Amino acid sequence: MRDKLNTVEKRVKLLLEEEGSGHDWLHIERVRNLAVYIGVKEGGHIEIIELASLLHDLSDEKMNIMGQSEITSWLSSIGFTRHETDQAIHIIETISFKGNGKTIPSTIEGKAVQDADRLDAIGAIGIARAFLYAGSKGHLLHLPKKNPRETLTDQEYRQNPSTAINHFYEKLLKLSSLMNTNTGKELAKERHEFMEFFLNQFYKEWEKPLC
Ligand code: ADP
Ligand code: NI
């Protein structure tokens, strides 16, 4: 399995090396490392966790780098079994946040990868990624009169751009309470608090710049 994972890693690295919206190769690597850490603590098949982590953003609708059927035939050509491929595909189909963040993967491997992807969306790195993403899409930083949207369908979540600051309320601040695993919950705590600290300071500078 290790050789096959190395083959997948090499191609994913090439495909995402220069991705500019925060879903680049180093995001994938951070997610893999976090997911493996969670998997070691919580149980789960580590190689499946690694495989799904490596593939998790390729067929995401906003990236659209490789469709699921293309991934399936690619994995089979490398020598992954049908069962391994199905497990990885199930995970990447179910981890995305989309409109409400309510989809939970059924396996422990999927839960680990979903927690890891969400951990990389919060904390200092999450803050940096949110502004990188917003900048890459031409979204605004902050519009005080534009309230965050309360409930979002999948389509609204993707299609009507909000502001970078609203993204914290529409998604990022919800993630710590959506963690699947105890390890994920523990790791999310400090990252969540740091986002609250950041937002407090942001509003302080915005509203009372001279104080
Ligand atoms: P998922 O991978 O769970 O489907 P998304 O694709 O919505 O999640 O987002 C992945 C990351 O991209 C987010 O954590 C965030 O950093 C960034 N991102 C996505 N949408 C926005 C947005 N509207 N504004 C700012 N950042 C965003
Ligand atoms: Ni991701």
### Message
Exactly one of these conditions fails for GLY67: (1) within 20 Å of the chain's Cα centre (by Cα); (2) open to solvent by 40 Å² or more (accessible area, probe 1.4 Å); (3) over 27 Å from ALA188 (Cβ atoms). Give me its number.
### Response
(2)
### Task
Having 3 or more residues that are out of contact with any Ser or Thr (no Cβ under 9 Å at 6 or more places or on another chain), open to solvent by 40 Å² or more (accessible area, probe 1.4 Å) and modelled with pLDDT under 95 is the bar; report the helices (runs of 4 or more DSSP H) wholly within region 123-206 that clear it.
154-159
### Task
Mind telling me which of the residues VAL36, VAL40, VAL12 ends up being away from ligand 2 (no atom under 11 Å from the Cβ), among the hydrophobic types (A, V, I, L, M, F, W, C) and open to solvent by 50 Å² or more (accessible area, probe 1.4 Å)?
VAL40
### Summary
Checking THR103, THR94, THR107 in turn, the sole residue that is touching a residue at least 24 places away in the same chain (Cβ under 8 Å), farther than 15 Å from LEU173 by Cα and β-branched (Val, Ile, Thr) turns out to be THR107
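Quick grid of which residues meet (1) under 21 Å from PHE97 (Cα atoms); (2) touching a Cys at 6+ places or on another chain (Cβ under 7 Å); (3) in contact (Cβ under 8 Å) with a residue 12 or more places away in the chain:
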residue	(1), (2), (3)
LYS10	no, no, no
LEU16	yes, no, yes
GLY22	yes, no, yes
LEU75	no, no, yes
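The values are calculated or read from the model by the stated rules, or taken from the named source; none is laboratory data. Just so you know, these numbers come straight off a predicted model, no measurement behind them. Cβ coordinates were reconstructed from backbone atoms using ideal geometry, including for glycine residues, and neighbour counts include every protein chain displayed. Protein only, heavy atoms only, side chains kept; ligands, DNA and RNA dropped before computing areas. Shrake-Rupley method; radii C 1.70, N 1.55, O 1.52, S 1.80 Å.
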